[in-house]
Amino acid sequence: MRYAMAIDTKKCVGCGDCVVACQTENNVPIGYCRDWVVENVAGTYPQIELEIRSERCNHCENAPCVRCCPTGASYIVEGGVVLVEPNKCIGCGACIESCPYDARYSHPDGYVDKCTFCFHRVQKGQDPACVSVCPTNCMYFGDLDNPNSDVSKVLATRKFKVLAPEAGTNPKIYYLI
Amino acid sequence: MKEELIVSGRMNPGIDPYLHIWHWQIPLYLFLGGVAAGLLFFTSLYYILGKEKELPTAVKWANFLAPVALVVGLFALFLDLKHKLFFWQLYTTIRLSSPMSWGAWTLMLITPLAFVWSASYLRELVPSWDWKLKILYDFEKLIIRYRKVIAWMLLLLSIILGIYTGILLSAFNARPLWNTSLLGPLFLTSGLSTGAAIIMWMSKDHAERALFSKIDLILIATELFFIIHLFMGFLASTQVQINAAELFLGGEFTVSFWVFVILLGLVLPAILEILELRGYKVPVAIPAILILFGGLMFRFIMVEAGQITRYLY
């Protein structure tokens, strides 16, 4: 089982609902975020392209944060979800330095925190909070190994990209383009 | 030209607008770890080679600074931790893929060994020293008898410690400036060079001073070679590494790097040491302090600049 997410950059309007839903669902401390919206404007007027992306931890298959963690506090659970165990984390910052997506932050309580793919919801068969609230339905979540999952079906029919593939991390957030 | 404007909604403290999760504690530790590695490398190497009499500063005296450097460095590392009470978790596991785990275990071994090594010379340095307890006198006898074993262990561990300070950074492929395998040998060379500078500074003996002056010159030349190689490698690499090199070739770290690290920290002390070897009167403290200063600046700049470099997407 490999959980993954596909996000349609053609449908996303950058409303930020995913960010607020995550902060509420996961009690993210004020001033921090586990997911965020990036607006990328490219070209010169009048040929301008706008790409809006909702970004978060990529739950990489070759996760540098897990590799660099000296205590094993960063680990991969079934489904390929990368999690942090606060009681093992010493707050050394190695995983934060190692993440090409800067998806991690130091929680005010000391340990390192990040997107969990809402693992507590996924275990119950629900979608992550960000996916379930998206007003344009631009996010798809599911198991890459299951050809009938939402994410597999949309990736079979659409062109997509991942962020910084040259970092060699095998990220599992796909952006439909 | 295609212009690109990226606006991110993320503003996590310490992460945005640019990464700044490691502050002064890490470069200070990298410096002190390098100094300790250098001192312990020379003390154990020349003990094994049987030069205790010819090179008393290197073998017997300068090593007293190593445990001090290690303890201060470890304290700096502890200050860097943000979940401090859980620091013992480092010693519940050995993770081969994590350089920090390697480093933690190396420090766990080399720090007590450095204390033991210095303790075995303590009564030679302070003849009036009294261990008070008989068991401590027995322990002293034991460590003096096994000095050779301890020296071999220190030699190996000091090389690991010196290389590890560089590998720690080079393992982070997310930071293009650090992501080069040259950093391990470069930090080792720089650490050995700072260690040699301290021995040179402390030594009262002319022959010993001249030897460490020559060793230092070789290490400085090696360092300059590595640094040139580093930039050649970056400039022939991907865009993110070209950008990393440009921070030092016209970017915001140009002056601090070329003036403080290269000119004051490497080239000037090398010239002064050559002049001294040629017979000119140069106070030995000047090149020694310059080398130490250069080593410290090098680590601060590398840690600061590395955190700014990142992948583009």
Query raised in the report: Within the set of pairs 6+ apart or on separate chains, which have a first residue in the stretch B:131-147 that is surrounded by 11 or more Cβ atoms within 10 Å (Cβ to Cβ), a second that is assigned to a loop (DSSP other than H, G, I, E, B), and C-beta atoms under 6 Å apart?
Result: B:137/B:131
Query raised in the report: Is there a residue being closer than 27 Å to residue A:12 by Cβ, within 16 Å of the chain's Cα centre (by Cα), β-branched (Val, Ile, Thr) and assigned to a helix (DSSP H, G or I) anywhere in the stretch A:65-84?
Result: no
Query raised in the report: Scanning for something of a type in the set (Lys, Arg) and within 14 Å of chain A (Cβ to nearest Cβ), does the stretch B:57-73 turn up at least one residue?
Result: no
Query raised in the report: What number of residues within the stretch B:16-28 satisfy the criterion of being open to solvent by less than 10 Å² (accessible area, probe 1.4 Å) and farther than 19 Å from residue A:98 by Cα?
Result: 0
Query raised in the report: Which of the residues belonging to the stretch B:1-15 are modelled with pLDDT of 90 or more and either open to solvent by 100 Å² or more (accessible area, probe 1.4 Å) or more than 7 Å from chain A (Cβ to nearest Cβ) (or both)?
Result: B:11
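Keeping to the stretch B:268-288, report how many residues are within 29 Å of residue B:308 (Cβ to Cβ), in contact (Cβ under 8 Å) with a residue 24 or more places away in the chain and open to solvent by 20 Å² or more (accessible area, probe 1.4 Å). Lay out the reasoning, then the answer.
Residues of the stretch B:268-288 within 29 Å of residue B:308 (Cβ to Cβ): B:268-269.
With in contact (Cβ under 8 Å) with a residue 24 or more places away in the chain added as a condition, the list becomes B:269.
Narrowing further to those that are open to solvent by 20 Å² or more (accessible area, probe 1.4 Å): none.
Here the count works out to 0.
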Report task. Confirm whether residue B:58 is at pLDDT 95 or above, assigned to a helix (DSSP H, G or I) and crowded, with 23+ Cβ neighbours inside 10 Å. Result -> no
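Looking at residue B:169, is it open to solvent by less than 10 Å² (accessible area, probe 1.4 Å), assigned to a helix (DSSP H, G or I) and within 14 Å of chain A (Cβ to nearest Cβ)? If you could, list the steps in order and put the result at the bottom.
Numbers: open to solvent by less than 10 Å² (accessible area, probe 1.4 Å): yes; assigned to a helix (DSSP H, G or I): yes; within 14 Å of chain A (Cβ to nearest Cβ): yes.
Yes: the conditions hold for residue B:169.
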Report task. Please identify the pairs in which a residue from the stretch A:145-174 that is more than 19 Å from residue A:56 (Cα to Cα) has its Cβ atom under 6 Å from the Cβ atom of a residue that is open to solvent by 80 Å² or more (accessible area, probe 1.4 Å), counting only partners at least 6 apart or on another chain. Result -> A:145/A:1; A:145/A:2
Query raised in the report: Which is of a type in the set (Gly, Ala, Ser), at pLDDT below 95 and in contact with a Gly (Cβ under 7 Å, 6 or more places away or on another chain), of B:170, B:181, B:120?
Result: B:170
Query - Filter pass, residue B:87 being part of a helix (DSSP H, G or I), within 14 Å of chain A (Cβ to nearest Cβ) and open to solvent by 80 Å² or more (accessible area, probe 1.4 Å) - result: yes
Report task. Would you be able to say whether some residue in the stretch B:103-126 is within 14 Å of chain A (Cβ to nearest Cβ) and exposed (fewer than 14 other Cβ atoms within 10 Å of the Cβ)? Result -> yes
Query raised in the report: From the list A:38, A:28, which residue is within 9 Å of another protein chain (Cβ to nearest Cβ) and surrounded by fewer than 23 Cβ atoms within 10 Å (Cβ to Cβ)?
Result: A:38
Requested in this report: Taking only the stretch A:126-146 into account, find how many residues are closer than 12 Å to residue A:3 by Cα and of a type outside the set (Asp, Glu).
Outcome: 6
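Among the residues of the stretch B:267-281, is there at least one that is part of a helix (DSSP H, G or I), among the basic types (Lys, Arg) and more than 25 Å from residue B:59 (Cα to Cα)?
If we filter the stretch B:267-281 for residues that are part of a helix (DSSP H, G or I), which is where we start, we get B:267-277.
So of that shortlist, the ones also among the basic types (Lys, Arg) come out as none.
No, the stretch B:267-281 has no match at all.
The values are calculated or read from the model by the stated rules, or taken from the named source; none is laboratory data. Bear in mind the structure is a predicted one, so any value in this text is a computation, not a measurement. Ideal geometry is used to build each Cβ from the backbone, glycine not excepted, and the neighbour counts take in all protein chains shown. Side chains included, ligands, DNA and RNA excluded: accessible areas come from the protein's heavy atoms. Shrake-Rupley method; radii C 1.70, N 1.55, O 1.52, S 1.80 Å.
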